[in-house]
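Enquirer: Handing you this structure, nothing more for now.
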Amino acid sequence: MSIHNSLGLGKEITVTINGKECKSTFGKTILEIARENGIYIPTMCYLTKTQPIGSCRMCLVNVEGVEGAILSCQEKATDGAVVMTQTPELYRERQNIMKLYNVNHPLECGVCDQSGECDLQNKTLEFDVGDQPFTARDQHRPVENWGHVSYDPALCIMCEKCVRVSTEITGDEALQLKFGGYSSTIVNVKKEKNYASLGEAAAVCPVGALVDTDFKYRTNAWELSKIPSSCSHCGGGCQIDYEVKRDTIYRVSNHAEFSTLCGAGRYGFDYANEGVSKERESFEKAVDAVRNAQSIVFAPQISNEEAMILQKIKEKQGTKLICHEARAYQKFMQAYGSITGKNLYGGTLKKISESRGVIVFGTRINNDAPNVKYHINMASKWHRARVAYLHPMRDEEMKNIVTQFMQYAPGSEEAVAAQLVLALVGKTEEMPQNVASLLETLDPEALAAQSGISSEEIALLQNSLIKKQGFSLVAGSDLYAHPRAENIAKLLALLERYAGFNVVCVPPAGNAMGVSLICDLDDEVEGTSVGYNAKGDFTLSALGDGDLDMPAMNQQEGTLVSNDKRLVPMHVAKSYSGYLLNDIANALGLEAEYTIEYTAALPEAQGFKAEAFDDLPDYFDITGKEHRGYLLDEVSVPVDQRIESVERTGKMGPVVYHCNPVEQFSPFTAKCAAITGEAQLVGSAAFAEERGLSDGQKVSFEIDGVTFNRVFKIDTSMSGNIALNPSYDMGLSAALISSYRFKSIDFSATKNEEVGS
Amino acid sequence: MGLEQFKNRNVGTQEYKVLDLQESPKTPMAKFAQVAKRTFKGELFVGLGVTVREMINALFRGQMHTVKYPLEKLPISPRYRAIHEMLRLLESGHYRCIGCGLCEKICISNCITMETRYDENQRKEVSEYTINFGRCIFCGYCAEVCPELAIVHGPRYETASEQRASFSLFEDMLTPIDKLSLQQEYDGFGAVSPNADENIKKTPLAY
């Protein structure tokens, strides 16, 4: 706050716009204040979620006492300013801008994908530009196919929105401006990578220059009906709109003005469980199976309401509920809460984007939760935040954001957490005796020896954060299944409680956070089991290969809990005519006509509100404030500040890291046609040498009872003694993996098996 | 108008004219005499003469008044709205439809369905185009809205068929490529106005 006060930010001011008195706070631009008050200022390049671009000059306004017009998107309003947004001169000026935008712009709206939702079309009509009075010598500008998106330079109006999004928001930094007067274009400097995050750049494109390649020319924008929903892939619960015509989803769009969507959300929409009918016989078998089951195993790709149904079944007949990832997260957060006294982590994504320093720990964040990575990128770009990335392996995709990579030995997360605590938590009065004495007894050198992160690196991190404030910690799913997860949670909780860190414990993929809050989970499967999107003795599956079909996420209503601690609604985008989990529950004696009747019954003791599904709002207001579902309430839990000392761990040697490739999260994304890729075991050269594997060799190994048959590939860009093993292609078995993400695996038994020619 | 004159059935008081009919013959002999008289009077040949004259005019003097219907058809007004036709570009033979979807949008009986895709030549290709003629009301909006004069109402008014699908596919409506030279420019609904040339604004070509 002190910085804010010294600059006068946050002070109450009054501005008069078009004769209307508008109250606001200092620090906001004229455009922002006008929008808050419902006053229209036309813009072409303005994008609320990025910094003002100022390339279009449409937002010109007159301010009394100021010569000439000023750009309202950039200019901060001062107290007492008198602003005029509509004068005949401004209209002429804007009309001329539109005429210039129309120089040589092809008049082929009939075959342009943007037609109907095109800013240029709208503004051209708004400013009554009926012909093209100016022209320039045209050039040959071929259409470029960049993979997920295509670029047509002839349609581009050089507003720079896409470049800003790719730089400031998604952080792939693939797009750049190539200056050259009339021949300026956008260039993709990382074409070979085919970033799916460029879909976001296409989404903000006001014209048809950047469009989704798969969507191109398939239908017109005005024929599609938008069905608001939330993405269920990574746990981010991002806002999406399914665009549907004749029961086919053509594409997914989002409110790109305010929110951001990763490639999986944008392109992973086409899987649905289709052609299902109500088969009475299988249904009765399913009811019997659930009635007689001792355990229900389920994948975290499940809505809150379905989780609630499972919980009700447990309460009714004592069935054990097993969801490994959610269970690990639940235990982690319980331990975390025993220090902070709250059931949820205290951090928010918005605060991450406002931080001056971010520590990423125990997660390959670009793969695990793209929306969190985007917020880290925003902090890096907007506030030049120091970003420390603590992980056993570097991530080349994070190179442009991270200021300090710190590699630790797999398995030593507890020591690393203790190192962070020692470096960043100062002793305070309110700290209980046992915590203070623990801090004293920890030996930095011993911890450094154990983790592999030297004291110099820690000192560097410490120094980089000096004289800054507003830090965030992003903890991830490497920690949740760690044997010492609970103590790690407690150590990290100290950062939130005593060092004021904005901590976000990124939940594992799917709705693991919702499940962890709603279900009373058990650790191990016992007796006969029913699997829901997971392999069991009787399997209910939305993946199409179970004993009874279930709807995929885009075929059902329900809610999810996002990693921003928000309950968000999902709606039906595609028809489904089979049985639902609710039908089984009703057959077992529960009574609810629709699954969404459980929305209002979600446990208030965990921060849910008794709001009915149909009452949940789902929109962003004009200033970009999110009104989707509701934020979970923070619930106090008993504080018990017991922390154990750090346990010594042995070295793990070469390890296999359970990690899905970017844009892949689960068997559901694996079934989407637009997200391609081959599931392989990808390792560094060092790993290959140590394990005696060669490139292209077939290997077979087992993790948690799941057998993987993989082709081994060497990736020379990878460092460390690590191989990445995905699980997204494992179908119903993917949800059975429960152990710590790093695993030492001996390939000696299978390594002689070469790939057949 | 009142109904009085219809309700008045008193024939005698109205201005009816009574024909001067002769007395009908009473005896069988008189009846026979009347028939014989009428038969051999020669009036029959007057009528036959007219027929023969017209036959000679039609067959030998080129004054035929009827058409041989299934083989020949009367010309029909261009504004008549019958089964749609899809026209081709005269130069290239490529179909004119650009897949803009305006006809689909404007159709008030929702009978036009189209699918488009991005083809190999970077054009918008129409991959499916059907008109449900069970629903089409032949209003002509599709022809009027078409920016390319691609869909028009043709003169094909015989819509009896074993199934409606016989008309509804794009290929059936499209001008056959070998009949391209016979393709008529369309004057009816949605045609360019006669003074279109005067209304055209040219894009400036400064270079």
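Here, each number is a calculation from the coordinates, and none is a lab measurement. All values derive from a computational prediction rather than experimental measurement. Methodologically, a virtual Cβ is constructed for each residue, glycine included, from the backbone with ideal geometry; neighbour enumeration extends over all protein chains shown.
Enquirer: Report P(r) for region A:2-86: all Cα-Cα distances, bin width 10 Å, range 0 to the bin holding the largest distance, values in whole percent.
Expert: The calculated distribution, bin by bin, is 18, 51, 28, 3.
Enquirer: Another question about this same structure. Could you state the angle between the C-alpha long axis of helix B:43-60 and the longest principal axis of the C-alpha atoms of chain B, as a value from 0 to 90 degrees rounded to the nearest 10?
Expert: Compared with the principal axis, the helix lies near 20 degrees.
Enquirer: Related question: For residue A:84 and residue A:464 in one chain, what is 0.36 nm times their gap in residues minus the Cα-Cα distance, to one decimal in nm?
Expert: Using 0.36 nm per residue and subtracting the Cα-Cα distance, I get 132.3 nm.
Enquirer: Once every DSSP H run of n ≥ 4 in chain B is given -39500 (n - 2.57) and the sum is divided by its residues, what mean residue ellipticity at 222 nm do you get, rounded to the nearest 500 deg cm²/dmol?
Expert: Per the formula, -7000 deg cm²/dmol.
Enquirer: Further, regarding this structure: Between residue A:396 and residue B:121, take the C-beta separation as r, use R0 = 30 Å, and let me know the FRET efficiency to the nearest 0.05.
Expert: It comes out at approximately 0.20.
Enquirer: What nm value, rounded to one decimal, do you get for the distance between residue A:214 and residue B:199 when each label is placed 7 Å out toward the C-beta?
Expert: Here the modelled spin labels are 4.3 nm apart.
Enquirer: Still on this structure: With chain B treated as a Gaussian network of Cα nodes joined by springs under 10 Å, which of B:147, B:155, B:75 yields the largest mean-square fluctuation?
Expert: Comparing B:147, B:155, B:75 in a Gaussian network model of chain B, the most mobile one is B:75.
Enquirer: Here is a further query. Within region A:358-415, list the trypsin sites (Lys or Arg not before Pro) lying in a DSSP loop whose Cβ has at most 12 other Cβ atoms in a 10 Å radius.
Expert: For trypsin sites (Lys or Arg not before Pro) across region A:358-415 that sit outside H, G, I, E and B with at most 12 neighbouring Cβ atoms in 10 Å, the list reads A:384, A:399.
Enquirer: Okay, moving on. Quick one: 3J(HN,Hα) in Hz for region A:669-677, Karplus 6.51/-1.76/1.60 with θ = phi - 60°, rounded, Gly and Pro as x.
Expert: Using θ = phi - 60°, the values come out as 5, 5, 8, 8, 5, 6, 9, 9, x Hz.
Enquirer: Report, as a whole number in µm² per second, the diffusion coefficient that Stokes-Einstein gives for the protein assembly as shown at 25 °C and 0.890 mPa s using the Kirkwood radius over alpha carbon pairs.
Expert: In µm²/s, the coefficient is 73.
Enquirer: Spin-label point model (7 Å from Cα, Cβ direction): what's the residue A:128 to residue A:383 distance in nm?
Expert: Modelled inter-label distance: 4.8 nm.
Enquirer: Along the Cα-to-C-beta direction of residue B:91, a point sits 7 Å from the Cα; which residues of region A:109-149 have their amide N less than 20 Å from that point?
Expert: Those under the cut-off are A:109-111, A:138-141.
Enquirer: Quick query: amide H of residue A:630 versus all other amide H atoms, modeled in the peptide plane; which residues come in under 5 Å with a sequence gap of 5 or more or a different chain?
Expert: A:567
Enquirer: Now for a separate question. In whole Hz, with x marking every Gly and Pro, tabulate ³J(HN,Hα) for region A:574-591 from phi via Karplus 6.51 cos²θ - 1.76 cosθ + 1.60, θ = phi - 60°.
Expert: Listing the rounded values in order: 9, 6, 8, 10, x, 8, 10, 4, 4, 5, 5, 4, 5, 5, 8, x, 6, 10 Hz.
Enquirer: Would you please give the residues with an amide H less than 5 Å from that of residue A:532, counting only those at least 5 places away or on a separate chain, with H modeled from the backbone geometry?
Expert: A:297, A:298, A:299, A:540
Enquirer: Right, next: From largest to smallest, what semi-axes in whole angstrom does region A:479-522 give when each is the square root of 5 times an eigenvalue of its alpha carbon gyration tensor?
Expert: Over the Cα atoms of region A:479-522, the semi-axes work out to 22, 13, 10 Å.
Enquirer: Please figure out what share of the DSSP beta bridges in the protein assembly as shown is antiparallel and state it in percent, rounded to the nearest 5.
Expert: So the antiparallel bridges amount to about 60 percent of the total.
Enquirer: While we're looking at this one, here's another question. Please state the shape class of region A:623-757: rounded when a/c is under 1.5, otherwise prolate if a/b exceeds b/c and oblate if not, all from the C-alpha gyration tensor.
Expert: Taking the square roots of the gyration eigenvalues as a ≥ b ≥ c, region A:623-757 is oblate.
Enquirer: Subtract the Cα-Cα distance of residue B:163 and residue B:44 from 0.36 nm times their separation in residues, and report this length gain in nm to one decimal.
Expert: Length gained between residue B:163 and residue B:44: 37.9 nm.
Enquirer: If you keep only loop residues by DSSP, which chymotrypsin sites (Phe, Trp or Tyr not before Pro) in region B:150-179 have at most 15 other Cβ atoms within 10 Å of their Cβ?
Expert: Of the chymotrypsin sites (Phe, Trp or Tyr not before Pro), the ones in loops of region B:150-179 whose Cβ has at most 15 other Cβ atoms within 10 Å are B:157.
Enquirer: If you keep only loop residues by DSSP, which GluC sites (Glu not before Pro) in region B:1-64 have at most 13 other Cβ atoms within 10 Å of their Cβ?
Expert: Loop-located and lightly packed - B:15, B:23.
Enquirer: How much length is gained if the chain between residue A:108 and residue A:678 is pulled fully straight, taking 0.36 nm per residue apart and subtracting their Cα-Cα distance, in nm to one decimal?
Expert: 201.3 nm
Enquirer: Using the Cα centre as the reference, give the magnitude of the dipole from point charges on the C-beta atoms of region A:2-86 (Lys, Arg: +1; Asp, Glu: -1; all else neutral), rounded to the nearest 20 debye.
Expert: Approximately 260 debye in magnitude.
Enquirer: Something else now. Ratio of alpha-carbon Rg to the 2.2 N^0.38 Å globular estimate for region B:125-192, to two decimals, please.
Expert: Relative to the 2.2 N^0.38 Å estimate, region B:125-192 comes out at 1.14.
Enquirer: Further question on the same structure: Find me the longest stretch of chain A that has none of the exposed chymotrypsin sites (Phe, Trp or Tyr not before Pro), where exposed means in a DSSP loop (not H, G, I, E or B) with at most 15 other Cβ atoms within 10 Å.
Expert: A:180-593
Enquirer: Go through region A:485-499 residue by residue and turn each phi into a ³J(HN,Hα) via Karplus (6.51, -1.76, 1.60, θ = phi - 60°); whole Hz please, and just put x for glycine and proline.
Expert: 3, 5, 6, 4, 4, 5, 4, 5, 4, 4, 5, 6, 6, 10, 10
Enquirer: Between residue A:226 and residue A:605, what FRET efficiency comes out of the Förster formula 1/(1 + (r/R0)^6) with R0 = 35 Å and r the beta carbon distance, rounded to 0.05?
Expert: Computed FRET efficiency for residue A:605 and residue A:226: 0.50.
Enquirer: Set Lys and Arg Cβ to +1 and Asp and Glu Cβ to -1, take the dipole of chain A about its Cα centre, and tell me which of A:63, A:328, A:139 lies farthest positive.
Expert: A:63
Enquirer: So what's the Cα pair-distance distribution over region B:1-124, bin width 5 Å, in %?
Expert: Pairs per bin, as whole percents: 2, 6, 6, 8, 7, 6, 6, 7, 8, 9, 7, 5, 5, 5, 5, 4, 3, 1, 1, 0.
Enquirer: Residue B:174's amide H: which non-local residues (gap 5+, or another chain) put their own amide H closer than 5 Å, with H modeled 1.01 Å from N in plane and none for Pro or chain starts?
Expert: B:86
Enquirer: P(r) for region A:339-505: what percent of alpha-carbon pairs falls in each 5 Å bin, starting at zero?
Expert: Values per bin, smallest distances first: 2, 9, 20, 23, 24, 15, 6, 2, 0.
Enquirer: Please label the shape of region A:651-716 as rounded, prolate or oblate, based on the square roots a ≥ b ≥ c of the eigenvalues of the alpha-carbon gyration tensor (a/c under 1.5 means rounded; beyond that, a/b larger than b/c means prolate, else oblate).
Expert: Here region A:651-716 falls in the prolate category.
Enquirer: Would you mind working out the magnitude of the charge dipole of the protein assembly as shown relative to its Cα centre, with +1 at each Lys and Arg C-beta and -1 at each Asp and Glu C-beta, to the nearest 20 Debye?
Expert: Its charge dipole is roughly 2620 debye.
Enquirer: 222 nm [θ] for chain A, helices only, -39500 (n - 2.57) per DSSP H run of 4+, per residue, to 500?
Expert: About -7500 deg cm²/dmol.
Enquirer: With r as the distance between the Cβ atoms of residue A:138 and residue A:700 and R0 = 45 Å, compute the FRET efficiency 1/(1 + (r/R0)^6) and round to 0.05.
Expert: Once the sixth-power term is evaluated, E becomes 0.15.
Enquirer: Under a crude label model (7 Å from the Cα following the beta-carbon direction), how far is residue A:614 from residue A:441 in nanometres?
Expert: Inter-label distance under the simple model: 6.0 nm.
Enquirer: Then there is this: Using a 10 angstrom cutoff on alpha carbons, build the Gaussian network for chain B and name the most mobile of B:112, B:56, B:76.
Expert: B:56
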